[in-house]
Amino acid sequence: MPERTVTVGLSSGLHARPATAFARAAAEQPVPVTVARDGRPAVPARSLLSVLALGAGHGDTVTLAAEGDGAEAALDALAGLLTHDHDD
């Protein structure tokens with residue numbers, strides 16, 4: 001199963017608006033993606049409440065995982081959303 005370990009570079013962490021954008025992007029992927037933090041159980045990346053419950057702040061490390069056709073591309077896209085602030 002492909003995985004990506006990413007350091008959250010978002011200045012506000014994975015909260016409110018960035019978490020919403022992340023969960024929406026995850027829901028658009030052709031494969032299910034999970035996200036985990038600090039050895040906690042992985043949660044569905046497309047679930048906004050689950051993503052918020054991770055409490056991932058700036059500088060924290062999260063692990064994304066996916067399986068199936070398109071998994072690598074999905075992980076690349078979602079990892080990119082976590083690394084730096086966007087002007088959306």
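Here the range 12-34 is the region considered, the condition is being buried (at least 16 other Cβ atoms within 10 Å of the Cβ) and of a type in the set (V, I, T), and the residue that is farthest from the chain's Cα centre (by Cα) is V31. The residue that is surrounded by the most Cβ atoms within 10 Å (Cβ to Cβ), counting only those in the range 37-47 that are closer than 16 Å to V8 by Cβ and touching a helix residue (DSSP H, G or I) at 6+ places or on another chain (Cβ under 8 Å), is A45.
Only residues that are modelled with pLDDT of 95 or more and over 16 Å from G80 (Cβ atoms) were counted across the range 1-26, and they come to 1. For the range 9-41, filtering for residues that are under 13 Å from V51 (Cα atoms), in contact (Cβ under 8 Å) with a residue 24 or more places away in the chain and assigned to a loop (DSSP other than H, G, I, E, B) leaves 3. Applying the set (1) in contact with a strand residue (DSSP E or B) (Cβ under 8 Å, 6 or more places away or on another chain); (2) buried (at least 17 other Cβ atoms within 10 Å of the Cβ) to T5 leaves exactly one unmet item: (2).
The set of residues from the range 42-56 being within 18 Å of E3 (Cα to Cα) and not small (G, A, S) comprises V43, P44, R46, V51, L54. Restricting to the range 53-88, name every residue that is surrounded by fewer than 17 Cβ atoms within 10 Å (Cβ to Cβ) and within 13 Å of F22 (Cα to Cα). Passing the criteria: D76, A77, A79, G80, T83, H84, D85, H86, D88.
The values are calculated or read from the model by the stated rules, or taken from the named source; none is laboratory data. Just so it is clear, the model here is predicted, and its values are computed rather than measured. Heads up, the Cβs are rebuilt from the backbone with ideal geometry, glycines too, and the neighbour counts pull from every protein chain shown.
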